[in-house]
Each structure stands twice: as C-alpha cells, then as structure tokens.
C-alpha cells in the first residue's frame with residue numbers, strides 16, 4: 001500500500017503537444033550510420049507519432065544506447081540517462097561521447113559532474129534525494145530543467161528505488177529502454193506508470209533477419225542428483241548446485257571444450273564463482289570487486305588477452321561484449337526475463353562469429369520425485385529455448401532427463 005501511494009500517473013494532457021520544449025543544445029551525431037529503425041523511431045518521436053512518454057522495446061542487440069543518443073541529439077534538450085550500475089554508467093557515457101563528440105556528465109560513485117547531458121546512477125540520485133544533502137542541492141536544479149529522461153533496463157522499474165527516481169525527475173520526454181517489458185512478479189503497471197505504454201521499435205525476428213543479432217545454439221548437459229534431506233532452498237542450492245562435484249566438473253569440462261573462443265561463465269554466488277575460478281585460474285568479477293578490477297577484466301576480455309571470464313549477475317544485462325561467443329549458465333534458476341537478457345550477451349555479431357553458444361545444465365533427481373525443484377527450473381528454461389526456436393542439442397538419457 002505504501003508503495004502504491006507513490007504512484008503519480010503522468011497523463012498525456014499533462015504536457016500539451018504545442019508546449020513541447022524548444023531545442024536548446026546544438027549537438028549532432030557523427031562517426032556511425034544509424035540503422036533504419038533507429039531513424040524511424042527518432043522521426044516518430046519528433047512528429048508525435050510516439051508519445052513523449054513510452055517504454056521503447058527492442059530486442060537485446062538493437063543498439064538502445066545509440067538510439068537514445070540519436071534521440072538526444074535530435075531533440076537537443078537537457079537530458080539525463082539513468083543506469084543501475086557504475087559499469088553501465090561509464091559504458092553509456094563513452095558511447096554518448098563517441099556519438100556526440102562532447103563531454104558527458106557523470107553522477108555516480110566518486111564522480112559528480114553535471115553537464116547538459118548527464119549519465120547518472122539510479123542509486124546515487126536516490127541517495128542524494130533521501131539525504132537532501134549538498135549533492136542534492138546541486139542535482140535538484142538540473143533535474144528540474146531536464147526535458148528528456150531515459151531509464152535503462154526499464155523492466156526494473158518494478159523496484160521502488162528506480163520507480164522513485166523516475167517520479168522525481170518528471171521530464172517532458174520520459175522513455176524506458178528494455179528488451180523485456182514484462183516482469184515475473186506482475187509489476188508491469190509500474191513500468192507504464194513511470195514512463196508510459198510499450199512501443200516496439202524492432203522485433204527480435206527482424207533483427208535476426210537483418211543480421212544485427214545472431215542465432216542461438218543451446219547445449220544441454222544433464223546432471224543427476226540424489227534425494228537430499230535439506231528443505232530450505234538456499235541450503236539445497238548450496239549443496240546441489242554450488243558444491244555438487246559432478247556438476248562443477250561438467251561446468252569446467254564445458255569451459256575447456258572451447259579453448260579458441262571467448263567464454264563467459266555466469267554464477268549466482270560469489271563462493272561458486274571463486275571456486276570455479278581457482279580451479280582453472282581465471283578472473284572472477286562480481287559486485288564486491290572494485291570498479292577498476294571489473295573494468296580491467298572486461299577490457300582484457302574484449303582485447304582477447306583472456307578468453308575466459310567468470311562473473312556474477314553484474315554481466316547479466318546491459319554490458320556490451322560482442323566478443324563473447326560462449327555463455328555457460330553455471331547457476332541454474334527460473335527467471336525467464338533474466339535468462340533472455342543473459343543470452344543476449346552472446347548474440348551480438350563480431351568477426352568470425354556465426355552464432356551464440358549457450359551451455360545450460362538440466363538438473364534432475366533420481367529416483368523420481370514430484371518435488372524436484374531443480375528439474376522444474378530446468379524444464380522452464382528448456383521451454384523458453386523451444387519457444388524461441390533456438391537450436392537445441394541435448395545429451396544423455398532422455399527418459400531420465402525428460403528432454404528430447
């Protein structure tokens with residue numbers, strides 16, 4: 001109830017069309033050629049065919065950051081772009097600077113530089129607002145004059161902090177950017193309340209046909225478990241996923257299967273990632289790693305100084321790594337939204353790539369039990385792969401695992 005009380009729906013008539021803000025900033029896009037659907041989206045916004053408030057939906061790999069930079073240049077108004085991590089903040093700022101050729105402001109971590117176009121951490125802005133500190137006194141006037149707001153990974157607007165920041169800003173143009181405009185907790189209403197209804201810019205099918213993303217090849221590796229007495233999910237997860245000797249052996253074997261490819265391994269827990277990293281002696285980055293450490297590992301991966309990178313959820317969405325060829329999902333889980341975002345890491349085209357390879361593990365208990373939570377999760381992921389028409393290669397006894 002307290003969360004719902006924060007709703008402040010922004011009606012279309014709040015800002016009449018003839019009151020659209022005039023262009024204030026003289027910036028142009030240079031250095032690359034916009035794709036046809038990016039040009040179309042910008043034109044539709046300028047012509048009012050896309051409302052000043054909308055959730056812009058594009059499959060992962062569509063270039064949503066570049067699109068936002070083009071929109072920013074075309075509208076030429078004070079702009080703030082919100083990200084949920086410092087890594088994404090820096091990546092977005094660099095894309096904007098390359099595209100627009102001007103210095104971009106950064107608000108987040110130890111950086112607090114406000115410019116007419118500023119990239120900001122949601123957590124930092126929310127903290128300033130809550131504390132009403134000196135930083136807020138500097139930030140508030142800028143937010144009051146901001147005419148264009150972008151929220152990256154807009155599906156996360158179901159979180160109270162992100163929703164609050166969207167409400168605080170209240171720009172004339174408000175756009176959420178996402179590949180997955182739905183939530184498994186049913187809080188899609190928060191997305192629309194913050195930035196407006198969904199508008200599909202380009203479909204995944206169209207991106208694939210035009211060669212902007214690659215097809216997906218999924219390898220399923222079965223892992224048999226014995227019945228465990230543990231009932232609490234976290235303890236069960238630690239025993240049957242994190243500390244399962246045979247499962248970890250298969251994870252490592254899958255990594256070593258691709259010595260000539262760029263491999264990302266995703267884990268859920270720091271202990272799990274540390275364990276695998278120590279065995280094969282490769283970098284492991286997570287939320288507790290320093291920004292410098294994370295950036296170095298990502299840069300080394302991009303330059304192919306290393307070909308294996310283990311990461312926690314910090315790489316599950318947003319970070320641009322077209323060099324990544326193989327994604328190994330060592331963590332299991334049931335979230336379809338997160339799974340689609342993760343798969344997007346290996347679908348971006350790069351020289352020599354013909355497809356994105358995803359390695360997943362089908363966990364199941366023998367003898368059969370109705371309360372097999374890991375098999376249920378595996379089936380859920382497998383159903384997604386089938387619904388997306390990915391090429392699936394299964395291994396093992398289909399009677400045991402249940403997939404074919």
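Miscellaneous remarks
- Selected residue (only one of 79, 55, 83, 118 is without any contact (Cβ under 8 Å) to a residue 60 or more places away in the chain, surrounded by 22 or more Cβ atoms within 10 Å (Cβ to Cβ) and assigned by TED's automatic domain parsing to the domain that holds residue 30): 118
- Filtered residues of segment 372-404 (kept if at pLDDT below 85 and out of contact with any strand residue (DSSP E or B) (no Cβ under 8 Å at 6 or more places or on another chain)): 398, 399
- Condition met for residue 35 (under 28 Å from residue 189 (Cβ atoms), at pLDDT below 95 and out of contact with any helix residue (DSSP H, G or I) (no Cβ under 6 Å at 6 or more places or on another chain)): no
- Residue match in segment 331-344 (condition: assigned to a loop (DSSP other than H, G, I, E, B), assigned by TED's automatic domain parsing to the domain that holds residue 221, without any contact (Cβ under 8 Å) to a residue 24 or more places away in the chain and within 24 Å of residue 224 (Cα to Cα)): no
- So residue 264, is it in contact with a helix residue (DSSP H, G or I) (Cβ under 7 Å, 6 or more places away or on another chain), in a helix (DSSP H, G or I), within 26 Å of residue 357 (Cβ to Cβ) and touching a residue at least 12 places away in the same chain (Cβ under 8 Å): no
- Residues of segment 269-328 that turn out to be in contact with a strand residue (DSSP E or B) (Cβ under 8 Å, 6 or more places away or on another chain) and assigned to a loop (DSSP other than H, G, I, E, B), as a count: 10
- Single match in 233, 182 (criterion: outside the structural domain of residue 122 (by TED's automatic domain parsing), out of contact with any strand residue (DSSP E or B) (no Cβ under 8 Å at 6 or more places or on another chain) and under 27 Å from residue 85 (Cβ atoms)): 233
- Residue under evaluation residue 258, criteria (1) farther than 15 Å from residue 361 by Cα; (2) touching a strand residue (DSSP E or B) at 6+ places or on another chain (Cβ under 8 Å); (3) in a helix (DSSP H, G or I), criterion not met: (3)
- Residues within segment 345-384 that are under 21 Å from the mean Cα position of the chain (by Cα) and over 29 Å from residue 231 (Cα atoms), tallied: 10
- Selection from segment 34-52 of residues that are part of a loop (DSSP other than H, G, I, E, B) and free of Cβ contacts under 8 Å to residues at least 40 places away in the same chain: 34, 47, 48, 49
The values are calculated or read from the model by the stated rules, or taken from the named source; none is laboratory data. Please read all numbers here as calculations on a predicted model, not as lab measurements. Cβ coordinates were reconstructed from backbone atoms using ideal geometry, including for glycine residues, and neighbour counts include every protein chain displayed.
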